[in-house]
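Report on the structure given below.
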Amino acid sequence: MSEYIPVLIMLFLAAATAAGMIVATSLIGPKKYFAEKMEPFECGESQIVSSKQRFSVKFYLVALFFVIFDIEAVFIYPWAVLFKDLGWFGFVEMMIFIAVLTIGLVYVWRRGALEWE
Amino acid sequence: MSDLMKDLHTEHMVINMGPSHPVTHGTVKFLVTLDGENIVDMKVDIGYLHRGFEKMCESGTWQQVIPYTDRLNYVSPLINNVGYALAVEKLIGIEVPERCQYLRVIACELSRIADHLTNVAAGGLELGAFTAFLYFVEARELVWDLIEMLCGARVTVNFVRIGGLKNDLPQGFQDKTRAVFKECRRLWNDVDKLLTKNRIFIDRVRNVGDISAEEAIAYGFTGPCLRACGIPYDVRKAQPYLVYDRMDFEVPIGETGDNFDKYLVRMEEIQQSMKIVEQALSQLPDGPINLDLPQYRMQPKEDIYHRIDSLIFHFKTVIDGIKPPPGEVYFAVEGANGELGFYLVSDGSGKPYKCRVRPPCFPLTAAMPRLMKGRLIADIVPTFDMINMIGGECDR
Amino acid sequence: MVADLIESIAKIVFVFSVNLGFFAPVLGWVERKQSAVMQDRIGANRADIFGFTAIGLFHSLADALKVLTKEDFIPTGANRFFHTLAPFICLVPAISTFVVIPFGGRYELFGHQVNLVIADLDVGILFVFALASLATYGVVLAGWSSRSNWSLLGGLRASAQMLSYEVAMGLTIIGVLIVYGSLRLTEIGALQENFFHWGIFLQPLGFVLFLTCAIAENKRVPFDMPEAESELVAGYFTEYSGLKFVMFWMAEFLEIVTISGIVTSLFFGAWHLPFVSDQELLSLFQFAGPNGAALLAMLVNVATFFAKVIFFIWLQMTIRWTLPRFRYDQVMRLCWKMLLPLSLINILITGLVVLVL
Amino acid sequence: METNVTIKKLSNRFPGAIIETHSHRGDDTAVVKKESILEICTFLRDDEALLYNFMMDLTVVDYLGREPRFEVVYHLFSLRHNRRVRIKARVSEADAIIDSIVPVWVGANWFEREAFDMYGITFKGHPEMRRILLYEGFEGHPLRKDYPIKKRQPLIGPIN
Amino acid sequence: MGVTFGKESASRRIVPGGTVSDGPERLLDGSAILTRLQAAVNWGRKYSFFLYPFVTACCGMEFMSVAGPKYDLDRFGAALPRFSPRQADLLMVVGTISHKQAPILVKVYNQMTEPKWVFAFGVCAVSGGFYNNYSVVQGIDTLIPVDVYVPGCPPRPEMVLDGLLKLQEKVAKERWSDWPRGAAPVTPMLKKQE
């Protein structure tokens, strides 16, 4: 576990730097707040609809695909590392797994979930 | 996808794109209704640069309109100058000397080159190709050097006079033109390499903003946007004015009218315009550049100072303005964006009774919702750019 | 134990200062200057300290001072906590991803084993992906919490794009893992001692795919959909001002460095000089005694590594200033319909070749 | 020259609707009754010998002190025959309404809105008759001859 | 050249000529450290303008040239256009401002974060130019405070660069107390209807 100590130190340093920056910038600098300034920017006009609304479902779909494909990709990592030990058997087995993955991709593709137009 | 989406309730996002937005040139507002990234509906609001052109024209004399025409299409002011002067000359019923006509052709084409360079440059900039943008700005800078040499100003030139020109060709213009065009062609080739065969650029512009020829005509498209649809309508060829009938040049046309065709048409027109300038310079005849009609065109300064009749005419034309006979004319020239028409009404006084300009990019901008409906928000960028909406001209 | 600690701290200080003290400000300058050179311009060169301009390097300092004293701003209706948290989440992984990238080999110095990597984790490359995917949250939160429609669109684009490319990036790397049989970046680096065992030769397709995915993951032109200026004003950080906004940029610049580091480690022989093996290098510096030789070899290796990193930074900058921007659907199509199948094919081919040979 | 083919054809087809014609400086012009503008425009667009497929320009001239006060001016262009024609319809101030020609040329949409904005002529049947160059809340029509050139109606103060 | 400093306004006093006069403000601004710090910050600010290009009209063409290779605004550290007012320091008002545009300009100005400067680029922004009619604002200083006026129709790029240098001089002389500047001193009058 000891090799993780430097990682923690680094993370801590990074966090301290980032936090320091945020604190510094929020302390330093002139401040003046008034209603018009605090409105969200929309090209010099007032916002018509709030951004807190339901937006297009396509973005959620991508998130779903990500979960599916990325989780499966994670299964491939240990196989890849031990690839030479597993030999042909492992290869064929993993190819079947990837084929299943590909079928999923083809399905998604054919259903048009990857189209944005 | 639609079967998946059917039961899902999502709200459309209505968003102001503009007026102060990088793609809208600060003078247009697109009220875009978005479904995710797709444009469901679009409304265009213009008029943010309405500067009262016609009202200003009506308040000044006929000559005083020329500076205002400069600021119509400020990317190619010389064409506006020439168009207005030609319209007034048609109203009076005079024709300028041949040398003047050649010089006007040169001026027009230089302006057209600058306009197309700017347009393609801005297109590149907005698609993220910053380097292509700066290459063409550099090329435009060279063309502007030429224009500055000719007129004394870079952007708003105020060069053309009714019945003549402000001045004759300066010394060494031919040589400078040759040098500038050589450099321009080099930069043109660079940008051609950077964009025309660039897969990303082609993907962004091809099959976007396409329109059929019939529809384009119904919307009143002219200029490169109409020619991109395959209609070879060019005022310079259809109703030749000045000495365009003596010039040998081609009118490039596209096929589908999409942004790529518009881009290609503009790129090719830069080349053709350079050709025209070179021809005009080689054919340039000697002779006067101004009409010898003191009631319309100011006499030379020496005469004004030394001859009483010239002085009186000078006085009369400056104070009262020139007085075209009553009547009305419409005269169209090929602007950089399309047919630039001037409709003038004279009541016989020194001031224009009505000075209407037909702005070529006005109907083009009006077609934006038609071009954009059902497209992606990113498609607004190249489409609006290739329409080349110029605020001064569209809003006047 | 004490020596280990000193070594670790020395390495951390080194990486930290190189990243934040050198690369972050200098890359801002490089971006300006390189674009200037490519565009026939001169570029920033006026900021001076006592008359010295250092070819414009001080402009980065001026920028830093300016943004630090700029007003800090959070729009009303924005989620103040997440709005503040977002740049933090973006920057922290960007700084700390470098811990697993080896910037040199193993050396025997004064009887002490020096391994020039801050943390030689056995999950190595996975750690990079883990931290990199954290940055996605920063971007999405920034877009979501600002209550601006442009930010929201930018954030949505970012979420979809970064998630998609993470899948593709994860799969492109598998070819390399098959070839080298390890997740440890130090091991992968050590296996590339022979010039012809560099990843670029063993995994040419993997290299191209990985670089593409990495640039897309970093949201740089031509993949800068989430901040596409001409479409979304400034995308997900439209509502950020001053230093918070620059933190996103710093994160971007640091990620350029990290990407260059990973590409170098995986595909470009890590710290190795071409055609010179470690032994040869050591014997070259025999005149300085065993410790001196190790030290010199270390210096050469570190220099080689950073030279390669700088080359890849240059490459990324060149790409950024040459290409126009993709359209959003094209970016997604490229990922799901081109890169993903290609990376699967890459796995297949690599597996077959490795097994047959 | 076959300059006034259009005018001849128009006069034959709509003898009652043509008020006057001229060809000053070669520009064929026909002043028509405003009631028949839509009909005439459709005819001009569709007749095989004319085919005015372009509606190049639409504007209004304000002849203050004359009755009817306004003239709506249409400039048409035929691509096939390379010919132009100017059609004018007179509109009085009291009844400043004319038929919209958007059904004939869709491109006339914005031109008519501009005419409404600048001169206050209402186009009947126009899909969206509202201001285009000026803002909602602007009172009056600035290009009318009786609108003072410097009469400002700023959206934001102070008045300048 | 024809570049002038902005008018003095209540919240900002500019000391022309360079030296800060002896007087109460010297005591107020106090210690040498503060002055040094202020000088350093001003140095940073003057070499790092992020522009907000509020480009509307003809002057935009010259603005492109100024940013272009021949004149290269980037030399002065002012090349980075930020289209979000939060990130911009220098509002470049390039071109004519009509009454329809005026609320937009004021809003963008108001939405900019402190410190912020305004650059009136071209005679239309300076005074309305020769458009003295019903639709054009007679100078943006009737709406927002302006720091540098660069007349010309449009101004030549050299003039713009000169104006930028003048602005840098001005920024170098600023004091802490000059900030924040706050909202534009105008209020909406005509209510807009949708």
For D:Arg45, solvent-accessible area (1.4 Å; no DNA, RNA or ligand), Å²: 70 Å²
Global form of the range B:249-370, assessed from the alpha-carbon gyration tensor, a/c cut-off 1.5: oblate
Average Cα contact separation per residue, the range C:1-129, under 8 Å, 6 or more apart, as relative contact order %: 21 percent
Farthest toward positive dipole pole in the protein assembly as shown [+1 Lys/Arg, -1 Asp/Glu at C-beta], among D:Val102, A:Pro78, B:Leu195: D:Val102
Amide H partners (placed H, <5 Å) of D:Ile19, local residues excluded: D:Val31, D:Val32, D:Lys33
Relative contact order for the range B:53-394, counting Cα pairs under 8 Å that sit 6 or more residues apart, in percent: 26 percent
Links that overshoot a 32 Å alpha carbon limit, given the list B:Lys351/D:Lys88; B:Lys323/D:Lys124; B:Lys237/D:Lys88; B:Lys182/B:Lys237; A:Lys58/C:Lys308; B:Lys90/B:Lys373: B:Lys323/D:Lys124; A:Lys58/C:Lys308; B:Lys90/B:Lys373
Radius ratio Rg over Rh of chain C, counting only Cα atoms, Kirkwood formula for Rh: 0.99
³J(HN,Hα), Karplus 6.51/-1.76/1.60, whole Hz, each residue of the range B:206-216, x for Gly, Pro: 6, 6, 10, x, 7, 8, 6, 4, 4, 5, 4
Rg to Rh, two decimals, where the range D:5-124 supplies the alpha carbon set and Rh follows Kirkwood: 0.94
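Summing both sides, how much accessible area is buried between C and E? Use a 1.4 Å probe and give Å² to the nearest 100.
Counting both chains, the buried surface is close to 2700 Å².
Reported to two decimal places, what Rg/Rh ratio describes the range E:115-194 when computed on Cα atoms with Rh from the Kirkwood expression? Don't skip to the answer; put the middle values down first.
Working: Rg = 15.0 Å, Rh = 14.3 Å.
For the range E:115-194, the value is 1.05.
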Straight-distance crosslink candidates among aspartates and glutamates, where the alpha carbon sits under 16 Å from E:Lys107 and sequence neighbours closer than 8 are dropped: A:Glu36, A:Glu39, A:Glu42, A:Glu45, C:Glu239, E:Asp89, E:Asp141
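If you wrap a convex hull around the alpha carbons of chain B, what volume per residue comes out, as a whole number of Å³? The partial results should precede the final answer.
On the way: hull volume 53.8 nm³, N = 396.
Normalising the Cα hull of chain B by residue number yields 136 Å³.
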C-alpha long axis of helix B:259-283 to longest principal axis of chain B, angle in °: 20 degrees
Carbon/sulfur fraction of accessible area - the range C:74-356, other protein chains in place, 1.4 Å, %: 74 percent
Built amide H within the under 5 Å cut-off of B:Arg358, gap 5+: B:Gly341, B:Phe342, B:Tyr343
q = 0.09, 0.18 Å⁻¹, the range E:48-172: log10 I(q)/I(0) [Debye, one scatterer per Cα]: -0.21, -0.88
Projected area averaged over orientations for the protein assembly as shown, convex hull of C-alpha atoms, nm²: 53.5 nm²
Debye-sum result for the range C:251-349 in log10 I(q)/I(0), which assumes one identical scatterer on each alpha carbon, at q = 0.23 Å⁻¹: -1.16
Backbone HN-Hα couplings from phi across the range B:217-231 [Karplus 6.51/-1.76/1.60, Hz, Gly and Pro as x]: 5, 4, 6, x, 5, 9, x, x, 5, 6, 5, 5, 7, x, 9
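I'd like the projected area of the range A:2-110, averaged over all directions, using the convex hull of its alpha carbons. Report it in nm² with one decimal. Before the final figure, lay out each step's value.
Numbers: hull surface 55.9 nm².
With the hull built on Cα positions only, its mean projection is 14.0 nm².
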Cα convex hull of the range D:111-160 - mean projected area over all directions, nm²: 3.8 nm²
Solvent-accessible surface (1.4 angstrom probe) belonging to C:Ile89, in square angstrom, nearest 10: 30 Å²
Within the protein assembly as shown: Cβ-based charge dipole about Cα centre, in debye rounded to nearest 20 (Lys, Arg +1; Asp, Glu -1): 2180 debye
Integer Hz, Karplus 6.51/-1.76/1.60 couplings in order for the range B:322-328, x for Gly and Pro: 6, 10, x, x, x, x, 9
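Note down the Stokes-Einstein diffusion coefficient of the range B:184-283 in µm²/s, whole number, using a Kirkwood radius over alpha carbon pairs, 37 °C, and 0.692 mPa s.
On the way: Rh = 14.5 Å.
My calculation gives 226 µm²/s for D.
At a probe of 1.4 Å, how much accessible area disappears from chains B and E on forming the pair, both sides counted, to the nearest 100 Å²? Walk me through the intermediate numbers first.
Values: alone 16840 and 10850 Å², together 24710 Å².
Result for this pair: about 3000 Å² buried.
Which value at 222 nm does chain C reach when only helices count, each DSSP H run of 4 or more adding -39,500 (n - 2.57), with the total divided by all residues and rounded to the nearest 500 deg cm²/dmol? Provide the component values of the computation, followed by the final result.
Values: 15 runs with 229 residues, N = 357.
Value at 222 nm, helices only: -21000 deg cm²/dmol.
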Among B:Leu226, B:Asn167, B:His306 - extreme Cα towards positive end, dipole of chain B, charges at beta-carbon: B:His306
Reachable lysines from B:Lys197, criterion Cα separation under 21 angstrom, eight or more residues apart if same chain: B:Lys262
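Sort largest first and round to whole Å: the equivalent ellipsoid semi-axes of the range C:1-139, each the square root of five times a Cα gyration tensor eigenvalue. All intermediate terms of the calculation are to be shown ahead of the outcome.
On the way: eigenvalues 217, 126, 44 Å².
Taking √(5λ) for each Cα gyration eigenvalue gives 33, 25, 15 Å.
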Other-chain or far-sequence residues with amide H under 5 Å of D:Val60's (modelled H): D:Val73
Proportion of all alpha-carbon pairs of the range C:194-254 beyond 15 Å (%): 62 percent
Exposure of E:Val146 as accessible area (Å², to 10), given a probe of 1.4 Å and all protein chains: 10 Å²
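The values are calculated or read from the model by the stated rules, or taken from the named source; none is laboratory data. Everything numeric here is computed off the predicted structure, so don't read it as measured data. Cβ sites come from the backbone with ideal geometry, for glycine too, and all protein chains shown count toward neighbours. Accessible surface areas use protein heavy atoms only, side chains included; no ligands, DNA or RNA. Shrake-Rupley method; radii C 1.70, N 1.55, O 1.52, S 1.80 Å.
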